[in-house]
Structure formats: structure tokens, C-alpha cells
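Single-structure report; data block below.
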Amino acid sequence: RKEVEQDPGPFNVPEGATVAFNCTYSNSASQSFFWYRQDCRKEPKLLMSVYSSGNEDGRFTAQLNRASQYISLLIRDSKLSDSATYLCVSRGNTPLVFGKGTRLSVIA
Amino acid sequence: DAGVTQSPTHLIKTRGQHVTLRCSPISGHKSVSWYQQVLGQGPQFIFQYYEKEERGRGNFPDRFSARQFPNYSSELNVNALLLGDSALYLCASSLGGMDQPQHFGDGTRLSIL
């Protein structure tokens, strides 16, 4: 079983839609969680950290459920520029463990 | 402020050759990590260095080695290249704390012929 699992998608949504991605992790010792965004043939860029209390950054909301070992990302009012691959990331005693990513295409 | 810089941007090698990839972290960052990303997969951890000491090593063969210099820059070396080593090699730097996010460079795209 992969340490971090995500639905690879693709998610094809119209502009203005709300879309949610879920991710599960298997290592209960994981301490920190992040969402990264990766555009085609580019490097991953930090989108946001994920906290147990949940956190919001503009149109993006991240949630962490330690009991169920899952992380979510909600994108409201999707823009064309949100089209990318979203990588779910956990971190325990070693550096980052990435999921395969979920591909999002926002369509006009 | 400069972000993480990596060189070269692209590289083409043949099987059996060796390669050295270079990374300069964000100013003030003391931790450098290396990742390999093959097409369709998330990045896979190779090495982490902090204050010039190896802090972690991923599940990669001994053909892969790395080091960190006093100025916190780092090199990744790969010997006896195989076709399967073709990938995007990413360097990330951070302040070093466990809850600190890592910031990635543009990567080096390595193609093995």
C-alpha cells in the first residue's frame, strides 16, 4: 500500500465550480501535511500547509482528520488558472512523502 | 530574493555514464533534499542533508550519492546510469524544522539514451 494515496483524476470541472480532493495516508507517525501544486513539466509549488483545525487561504480550504488519516482540499469558484496537478504530501521523521497527484482541468 | 536554483536545466547522457547535478538553496536555508520524479508519479525522496550531514536516505541504490558544502549548496551524483534513471531531479530547501515546508527548484531533466 502506498504511504500517501490520491485519486489521480482527472477532474474536469467548469469555471466557477467547487471541487474537492481527498487523500489518505498510512503512516500514523506523520506529523506535517501539505498540498503542493504542480503545473505540467514544472516544479511543485507549495499551495498550503494543512492543520488539524483546518485552514483557509482565499478560495482554498484544507482539512486534516488524524483519526481517519485523511486530508482534503476544497477549491471554490474554480478558475482556469487552477488547472494543474495537486500533490498531497505528508511528513514524518523523513522528508516529504508525495502522493501521485490529482489532475484538475477547469474548463471555460 | 533568489529561490532554489538548480543546474543544469536539461541533460542528456548515455547508459553507463555518470552525472553530477547541482543545487543552491534559498539564502538562510540549511536543509537540502533531493527527489526523483518520473512521469506520472509524485516526487520520490532520495536524500536529505542538514548542516552538511546526511539526515535521511530514500530507497535508492548506492549508485546515487550526494553531499552538502559549507555554503549549504549540494550535489547529487549518479553513477553507471540506467535508462530508468531518466526523470526530473528536484532539489528542495527548507529551514530544517520538521514542520517547515520545502521549496523546490525548477529541477534538472535528465534523459538517458
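Taking GluC sites (Glu not before Pro) across segment A:5-76, the ones in a DSSP loop with at most 13 further Cβ atoms lying within 10 angstrom of their Cβ are A:Glu15. For each pair in A:Lys42/B:Lys13; B:Lys13/B:Lys52; A:Lys79/B:Lys30; A:Lys100/B:Lys52; A:Lys42/A:Lys79; A:Lys45/B:Lys13, compute the distance between the two Cα atoms and list the pairs where it is over 26 Å. Long pairs (Cα-Cα over 26 Å): B:Lys13/B:Lys52; A:Lys79/B:Lys30; A:Lys100/B:Lys52; A:Lys45/B:Lys13.
Contact order for segment A:1-93, expressed relative to its length and based on alpha carbon pairs under 8 Å spaced 6+ residues apart, stands at 37 percent. Only Lys, Arg, Asp and Glu carry charge here, each on its Cβ (+1 for the first two, -1 for the last two); on that basis chain A has a dipole of about 240 debye about its Cα centre.
Legend: calculated FRET efficiency, A:Ser52 to A:Asp77, from the Cβ-Cβ distance at R0 = 25 Å, rounded to 0.05, equals 0.45.
Kirkwood radius for segment A:1-70, taken over all pairs of different Cα atoms as the inverse mean of 1/r, rounds to 13.7 Å. Loop-located chymotrypsin sites (Phe, Trp or Tyr not before Pro) across segment A:49-108 with a Cβ neighbour count of 14 or fewer within 10 Å are A:Tyr51, with loop assigned by DSSP. Compute the separation of the alpha-carbon centres of segment A:43-71 and segment B:1-37 and state it in Å as a whole number. Taking the Cα centre of each part, segment A:43-71 and segment B:1-37 sit 28 Å apart.
Work out the P(r) tail for the protein assembly as shown: percent of alpha carbon pairs separated by more than 22 Å, whole number. In whole percent, the long-distance tail amounts to 51.
What GluC sites (Glu not before Pro) in segment B:38-113 are in a loop by DSSP, with at most 16 other Cβ atoms within 10 Å of the Cβ?
Qualifying residues, ordered by number: B:Glu51.
Only the Cβ atoms of Lys and Arg (+1) and of Asp and Glu (-1) were treated as charged; on that basis the dipole of segment B:40-90 about its Cα centre amounts to roughly 20 debye.
In square nanometres, what is one fourth of the surface area of the convex hull spanned by the alpha carbons of segment A:40-108?
5.6
In plain terms, the bigger the Kirkwood radius, the slower the diffusion; for segment B:8-102, with that radius from Cα pairs, at 20 °C and 1.002 mPa s, Stokes-Einstein puts D at 157 µm²/s. Note on segment A:1-42: dipole from Cβ charges, positive end direction compared against A:Pro8, A:Ser30, A:Thr18; the farthest Cα belongs to A:Ser30. Along the axis of the charge dipole computed for segment A:38-108 (Cβ charges of +1 for Lys and Arg, -1 for Asp and Glu, origin at the Cα centre), the listed residues A:Leu73, A:Gly58, A:Gly101 are led at the positive end by A:Gly101.
Summing Cβ point charges (Lys, Arg +1; Asp, Glu -1) relative to the Cα centre of chain B gives a dipole of roughly 300 debye. Counted by Cβ distance under 11 Å from B:Glu75, the other residues give a net charge of +2, where Lys and Arg count +1 and Asp and Glu count -1.
Read the figures in this text as sums done on the coordinates, not as results from a lab. Fair warning: this is a prediction, and the values are worked out from it, not measured in the lab. Glycine also receives a Cβ, built like all others from the backbone with ideal geometry; neighbour counts cover every protein chain displayed.
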